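This report refers to the structure that appears directly beneath it.
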Amino acid sequence: MIRKYTFGTPLPTDAVVRQLPAEAGALPYFTVSRGEGGSLSFSISLHPEEVLFGLGQAVRGINKRGHLFESWNSDVFNHTETQSSLYGSHNFLLFFRPDRLFGIFLDDPGRVTWDLGWTKHDEAVITSLSGNLDLYLIEEDSPVSAARAFRQLTGRSYIPPRWAFGYIQSRWGYASEEEVRNVAGEHRKRHIPLDAVCLDIDYMEDFRNFTWKPDAFPDLARFSREMKEDHIRLVPIIDAGIKVEEGYAPYDSGKALDCFCKKEDGSDFVAAVWPGRCCFPDFLREDVRRWFGDLYIPLLDAGIEGFWNDMNEPALFYSDEGVADAFSRVEALRGGSVGYEAAWGLKDSFESLANSLADYRRFYHLVEGKPVRHDLVHNLYGAGMTRAAADAFRRRCPGRRVLLFSRSSFIGAHRNAGIWQGDNFSWWSHLKMALQMLPGLNLCGFLYTGCDLGGFGCNVTEDLLERFLQLGVFTPLMRNHSALHTREQEIYRFSIWETMRDTVSVRYALLPFLYSEFMKAALRDEMLFRPLAFDYPGDPRAAGVQDQLMLGEGCMIAPVYEQNADGRYIYLPEDMLMIRFRSAEDYDLVPLSKGDHQISLSLGEFPLFVKENHAVLLCPGGESSELLDDTRFTVLGRITREGVYELYRDDGVSADPDPAVCITPVPLALQESFSTIQI
Ligand code: GLC
C-alpha cells in the first residue's frame, strides 16, 4: 500500500508516474517537527535490529545505519567514507526489522539530510531543508514487494540496447581516431572481447559539446561505420555546460531561444567548466529540453547509438563572482599579520571556489513560468539533462533503444538512463564500495549501472584491475574507465592480460543469461541485485551480510575485494552450487551446504553461487555481443526437481519488446551440476 503526505507546497519533480491523492491524516511512525527557516524533520526511533536499505548512490555499507547522508548532488572526486553526498539524490529508504517493514520516499528536489543513527544510534532524523515535499509511505509484506511498489510508483527502469552489456573500454585522453582504432585493434588482436569505446571530452573541439575535432576525428559518421563493421560502438560524452562563445552554434541558438539559467538581474549565469566560461541550460523547462535534446540528433544521424552525460550536478569549477569574492577576502588580509586561521582561510578561499553553495544560489530556473532559485531544485538538474536527451532519442529513433548513462540523477531519471558510479579511485576499498552501492541503486530503480572498473583516479595495480573485472562480469555496465595522467588501464597493458581476458570471456559466455535476468527484473519491476535479507527475511544472519549480493532469480555473488587475499569468507543462507570460474570453459562446480565457508580463490578465480533448482546458462564464446550464439547452452545448476528456466531473448534494440513473445522456457532436467541444451 502506498500513501502520500504533502507538506508545504512541493515543486514538480517528475519523479512519480502515479498520481495519488494526499492523505488527510497524520503520517504514522514519525514525529514531525518544524525547524529553522521552515525546515521539516521526521524522527523515528530505531529498533536495535533495524536495518536501513536504500539511498541509492551513497558511500558505506549496504545497511545505511550509522552515518549522516545528504541529498545534494555533488561533483566529488574523493569518495571517502566520510562523504555525505555523491552525484545523485535517491531519497528512498526502507526500514526493515523482524516485526515491521516500510519505506519512505521524499519527493523533494532540494537538500535533505538523513541522520540515520549518526547523532543517536537508536534514532533516525530526516530533514527537508525547504519543508516543501511529498512524502510517500510504502507498506508491504516483504522488501521485494516494497521495491516493486516503489518502482510502480516511479515507473519502469531504463532498458539499454543489448550491446551495452558487452565490455566497454574508456579513458579520459583518447584524442584521435587513430588512438581509438589502436585501442580497439589491441583488443581484437588479443581476442579480448569488446563492444564499445567511450569518447571522453578529448574528441570535442576545445571541449565544446556537440563538436568534434576536425583534424583528429575528421568524419565521425565514417569512423562510427568503420568501428561498427568490427562490432564496436562509439559512445561520446556530453557535458551540461554550453561554452559562452558567439559563433558557436549551440551557444547562439541557446541564446536566441533564451535557454540559459538566469541571475537575479536577468542576465545569464556564467561559470567555468572544461571549456572555460559556460552557460547552463534550464533543463527544468520543456522547451529548453527540446532544444538541447535536438543537439544530439546530428550525432545520432552520424551513427552514434550511445552517450554518457557528465558534469550535470551541475559541476561548477568557479564563477567570476566567486573568484572576485575570494580575491576580496585575500585583499582584506594583505599587509597584516596573518595567523594560522587566517592563513588557512586564504587557502580555503580558493579551494572552495568549485561547486560552491554561493554559486548555486546565484541563479534561477523557470518552473511553471516562475523563477525558482537553483538550490531549491538543485538535485533535478542532471535528471533534466538526461530527460532532454532521452526524449530526443524517442523523437528521432522511435521504437529503438539508445544507450545513455549519466553521472548525476534523481529518482525518475531511472526511466530514461542508467548511471555510473562516478569518479572512484583505484583503491581496494572502492571495489567493495562499488559492490555495496549496487542494491541501493537497484532499489531506487537504477538497474543499468556499474563503477569505473579499475578505478578512475590513481594508478591501478594489475591484481586490483583483475578483481574489479571480476565484479564487473556481473554488473550491467561493464566499463573500464580511468583519468588522464593515471597509469594506462586497458587490459592489454598488463602482464596478466590473458587472465583478464579470460575473466571478460566469462561475461560474454554469461551475457545472454545476465541479459535475460536484467530484462526480467526491468520488465517485472524487480531488482537485479538484492541484499541477502530481501531473499531471506527470516534469517537474522542474512540481514548483517555486507559483502555478498543476490543476483537475479537464483544466484549470489561474493567477489574478492582485498589485496593478496587468496580467497574469502562467505555465508550461505541455503545450500548452493559454487561455480569457481577461471574462464568461460574452465571452472569448478562445488556443491556447498548452508552455513559458513572459507573459499579459496586465487587471483584469476571468482565465484558465482547458484541456488538449488536454479540454473546458470553459458553460451559459446564470442568477442562481441553480436557474435554470441544464444541457442546452445551449457546449463549449470543442481536440479533435484524438474522445472524450467525462463530465458528472455529479444532483438536487443526494440524499445518495447513484448515479454510474452520473448520468453523461451528452457527445461531443467534432473542433474547434479551440468548439462548442455539446444533451444
Ligand atoms: C569527470 C567524469 C569522468 C571524465 C572526466 C573528463 O570527472 O566523471 O568520468 O573522464 O570528467 O571528462
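The values are calculated or read from the model by the stated rules, or taken from the named source; none is laboratory data. Remember, it's a predicted structure, so these values are computed and weren't measured experimentally. Here Cβ is always computed from backbone atoms with ideal geometry, including for glycine, and neighbour counts include all displayed protein chains. Calculation scope for accessible area: heavy atoms of the full protein, side chains included, ligands and nucleic acids excluded. Shrake-Rupley method; radii C 1.70, N 1.55, O 1.52, S 1.80 Å.
Accessible area of region 241-343 with a 1.4 Å probe: how many percent of it is carbon plus sulfur?
Numbers: 2370 of 4440 Å².
On region 241-343, the fraction of accessible area on carbon and sulfur atoms equals 53 percent.
So what is the relative contact order for region 433-542, in percent, with contacts set as C-alpha pairs under 8 Å and at least six apart? Working shown, then result.
Numbers: 115 pairs, mean separation 31.1, N = 110.
In percent, rounded to a whole number, it is 28.
Quick check for you: with a 1.4 Å probe and neighbouring chains kept, what is the accessible area per residue of region 138-206, in Å²? Provide the component values of the computation, followed by the final result.
Details: 1870 Å² over 69 residues.
I get 27 Å² per residue for this part.
What accessible surface, in Å², does a 1.4 Å probe find on GLU286, ignoring ligands, DNA and RNA and rounding to the nearest 10?
110 Å²
Show which lysines lie in cross-link reach of LYS4 when reach means a straight Cα distance below 23 angstrom and same-chain residues fewer than eight apart are skipped.
List returned: none.
Suppose all protein chains stay in the model; what accessible area per residue would a 1.4 Å probe give for region 546-618, in Å²? If you can, show how the numbers build up before the last one.
Numbers: 2540 Å² over 73 residues.
Using a 1.4 Å probe on heavy atoms only, each residue of region 546-618 averages 35 Å².
Remind me, what semi-axes does the chain give for its equivalent ellipsoid, largest first in whole Å, using sqrt of 5 times each Cα gyration tensor eigenvalue?
39, 32, 24
Accessible surface of ASP391 in the full protein assembly, 1.4 angstrom probe, to the nearest 10 Å²?
In the full protein context, ASP391 sits at about 40 Å².
With a 1.4 Å probe and all protein chains kept in place, how do LYS213, LYS370 rank by accessible area, largest first?
Largest accessible area first, the residues go LYS370, LYS213.
Can you tell me, using C-alpha contacts under 8 Å and at least 6 residues apart, the relative contact order of region 231-287 as a whole percent?
Working: 56 pairs, mean separation 20.0, N = 57.
It comes to 35 percent, rounded to a whole number.
Mind listing which GluC sites (Glu not before Pro) in region 188-247 are in a DSSP loop and have 14 or fewer other Cβ atoms within 10 Å? Working shown, then result.
Working: sites: GLU205, GLU226, GLU229, GLU245, GLU246; in loops: GLU205, GLU245, GLU246.
For GluC sites (Glu not before Pro) across region 188-247 that sit outside H, G, I, E and B with at most 14 neighbouring Cβ atoms in 10 Å, the list reads GLU246.
List the trypsin sites (Lys or Arg not before Pro) within region 269-375 that DSSP assigns to loop and that have no more than 15 neighbouring Cβ atoms inside 10 Å. Mind dumping the intermediate values first?
Working: sites: ARG277, ARG285, ARG289, ARG290, ARG329, ARG334, LYS347, ARG361, ARG362, ARG373; in loops: ARG285, ARG334, ARG361, ARG362.
Passing both the DSSP loop test and the Cβ count: ARG334, ARG361.
How much of ILE297 can a 1.4 Å solvent probe reach, expressed as accessible area in Å² and rounded to 10?
30 Å²
Here is the link list: LYS432/LYS594; LYS243/LYS370; LYS263/LYS347; LYS243/LYS263; LYS213/LYS243. Which ones come out longer than 21 Å on Cα distance? Numbers along the way, then the final one.
Details: LYS432/LYS594 24 Å; LYS243/LYS370 26 Å; LYS263/LYS347 27 Å; LYS243/LYS263 17 Å; LYS213/LYS243 15 Å.
In this structure, LYS432/LYS594; LYS243/LYS370; LYS263/LYS347 lie more than 21 Å apart at Cα.
Can you tell me, using C-alpha contacts under 8 Å and at least 6 residues apart, the relative contact order of the chain as a whole percent?
Relative contact order, the chain: 14 percent.
Could you report region 412-509's accessible area per residue, 1.4 Å probe, as an integer in Å²? Write out the running numbers ahead of the final one.
Values: 1880 Å² over 98 residues.
Using a 1.4 Å probe on heavy atoms only, each residue of region 412-509 averages 19 Å².
Measure off, as a whole percent, the carbon and sulfur share of the 1.4 Å-probe accessible area of region 519-565, all protein chains present.
Reported share for carbon and sulfur atoms: 47 percent.
Given the peptides 561-568, 501-508, arrange them by the average over their residues of other C-beta atoms within 10 Å, most packed first.
On the way: 561-568: 14.5, 501-508: 23.8.
Peptide ranking by packing, descending: 501-508, 561-568.
Sorting TRP420, TRP427 by accessible area (1.4 Å probe), largest first, what list results? Mind showing how you got there, number by number?
On the way: TRP420 5, TRP427 85 Å².
Per-residue accessible area, sorted high to low, gives TRP427, TRP420.
Tell me the mean residue ellipticity at 222 nm calculated for the chain from its helices only (DSSP H runs of n ≥ 4, each -39500 (n - 2.57), averaged over every residue, nearest 500). Can you show the working numbers first?
Values: 17 runs with 173 residues, N = 679.
Calculated from helices alone, the mean residue ellipticity at 222 nm is -7500 deg cm²/dmol.
Roughly to the nearest percent, how much of the accessible area of region 72-202 is carbon and sulfur, given a 1.4 Å probe? Intermediate values should be presented prior to the final figure.
On the way: 1820 of 3730 Å².
The nonpolar share, carbon plus sulfur, comes to 49 percent.
Show which lysines lie in cross-link reach of LYS120 when reach means a straight Cα distance below 23 angstrom and same-chain residues fewer than eight apart are skipped.
Correct list for LYS120: LYS64.
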